[in-house]
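Undergrad: Below you will find the structure I want to go over with you.
The values are calculated or read from the model by the stated rules, or taken from the named source; none is laboratory data. Given the structure is predicted, the values throughout are model-derived calculations rather than measurements. We place every Cβ from the backbone using ideal geometry, glycine too, and count neighbours over all the protein chains shown. Heavy atoms of the whole protein, side chains included, go into the accessibility calculation; ligands, DNA and RNA do not. Shrake-Rupley method; radii C 1.70, N 1.55, O 1.52, S 1.80 Å.
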Amino acid sequence: MTQCCSESLTPILKASTPMFDSLYRFHFQQMSVEAVKEKLWKKCGTSVNSMQLELYDDCKNKLCDLSDDSTPLGFYSPLDGFRIHVIDLDPSSVTSGGWLEDTSLVEKYSISEDEYNKRSGTFRKFKEKMASQNPSAFRNKMSDDYMEDLCANIKVGDRCEVEPGEKRGVVKYVGRAEALGPGFWIGVQYDEPLGKHDGMVKGTRYFQCPQLCGAMVRPDKVKVGDYPERDPFEEDEL
């Protein structure tokens, strides 16, 4: 069945939606390119006059531009797994400049601490009220030395394996991380991009590593020892 999707180039919308079942395929392929644009407009919001359509096969190869609005879609022989790529040519569209993909382009709302403290009905006010009514419930149950004993045999530079998932890497940090909670933490650089950051967590840099290879985990999740990097081409023996 023909697939319909649109991915961001400059500028682009992104969505992927199967359009019609096999019983409707013949009728769909008899539709003109302009009629297909009418259908896509309801899916992605780009106006018909601002659409540029491209046809890609199931191996992500571009086959052609669907530039003649009067030509039936079936003329291009779309097959199961093919997709229609929608490029939004409207310079005033919200997709212009990559707004839907790059959130750094979107202005963020911010408020000063003083202004936030003046507001009523905030989560901070609610938390303060609950803490005053039941102080024991909000008292830290972990000490600053939580899991320190488990760090005795873990040092920076050790090869390690982290649970869950048996993720392998190297120890890059051992110590406290107040931003994450009381107690001791282990900073790990994974061999593969299985982490969440590059060693910086909540504005504090604990170590340096490639993006998405870093993780901060509790010592009880870390085993150090002879854990070499895995060969991605190694096959398990039967």
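Undergrad: Between residue 229 and residue 150, 0.36 nm times their residue separation minus their Cα-Cα distance comes to what? It would help to have the intermediate numbers written out before the result.
TA: Details: separation 79, 0.36 × 79 = 28.44 nm, distance 2.38 nm.
Length gained between residue 229 and residue 150: 26.1 nm.
Undergrad: Let me ask something additional. Per residue, how much accessible surface does region 49-90 expose to a 1.4 Å probe? Answer in Å², no decimals.
TA: 52 Å²
Undergrad: Roughly what would the spin-label model give for residue 122 and residue 204, points 7 Å off Cα along C-beta, in nm?
TA: Distance between the two pseudo-spin positions: 2.2 nm.
Undergrad: Right, here's the next one. Considering only protein heavy atoms, what per residue accessible area in square angstrom results for region 148-224 with a 1.4 angstrom probe?
TA: Working: 3990 Å² over 77 residues.
Per residue, region 148-224 has an accessible area of 52 Å².
Undergrad: How big is region 148-224 in terms of Cα radius of gyration and Dmax, in angstroms?
TA: Values for region 148-224 (Cα only, Rg and Dmax): 11.0, 30 Å.
Undergrad: With θ set to phi - 60° and the Karplus curve 6.51 cos²θ - 1.76 cosθ + 1.60, what are the ³J(HN,Hα) couplings of region 196-202 in order, to the nearest whole Hz, using x for Gly and Pro?
TA: Computed from phi, the couplings for region 196-202 are 10, 7, 10, x, 9, 10, 6 Hz.
Undergrad: What is the set of long-range amide H partners of residue 63 at a cut-off below 5 Å, with H atoms built 1.01 Å from backbone N?
TA: 55, 56, 57
Undergrad: If you stretched the chain out fully between residue 32 and residue 180, how much longer would it get, using 0.36 nm times the residue separation minus the C-alpha to C-alpha distance?
TA: Gain in length upon complete extension: 47.6 nm.
Undergrad: Excluding residues on the same chain fewer than 8 positions from residue 172, give the lysines whose Cα lies under 30 Å from its Cα.
TA: Within reach: 141, 155, 196, 202, 221, 223.
Undergrad: Tell me which trypsin sites (Lys or Arg not before Pro) from region 167-238 have a DSSP coil assignment and no more than 14 other beta carbons within 10 Å of their own.
TA: Sites meeting the loop and neighbour criteria: 196, 202, 230.
Undergrad: Then there is this: Give me a comma-separated list of calculated 3J(HN,Hα) values for region 126-134, in order, Karplus coefficients 6.51, -1.76, 1.60 applied at θ = phi - 60°, integers in Hz, x for any Gly or Pro.
TA: 4, 5, 5, 5, 5, 5, 6, 7, 9
Undergrad: Restricting attention to region 142-187, which GluC sites (Glu not before Pro) occupy a DSSP loop and are surrounded by at most 10 other Cβ atoms within 10 Å? Please list the in-between numbers first.
TA: Working: sites: 148, 161, 166, 178; in loops: 166, 178.
Loop-located and lightly packed - 166.
Undergrad: Across region 165-178, in residue order, what do the Karplus-derived ³J(HN,Hα) couplings come to in whole Hz, using 6.51 cos²θ - 1.76 cosθ + 1.60 with θ = phi - 60° and x for Gly and Pro?
TA: Computed from phi, the couplings for region 165-178 are x, 6, 7, 9, x, 10, 6, 10, 7, 9, x, 7, 9, 4 Hz.
Undergrad: Using a 1.4 Å probe on the protein chains only, how many percent of the accessible area of region 148-224 belongs to carbon and sulfur?
TA: 52 percent
Undergrad: Grab the beta carbon distance between residue 57 and residue 192, set R0 = 22 Å, and tell me the FRET efficiency rounded to 0.05. Working shown, then result.
TA: Numbers: r = 30 Å, r/R0 = 1.37.
The calculated FRET efficiency here is 0.15.
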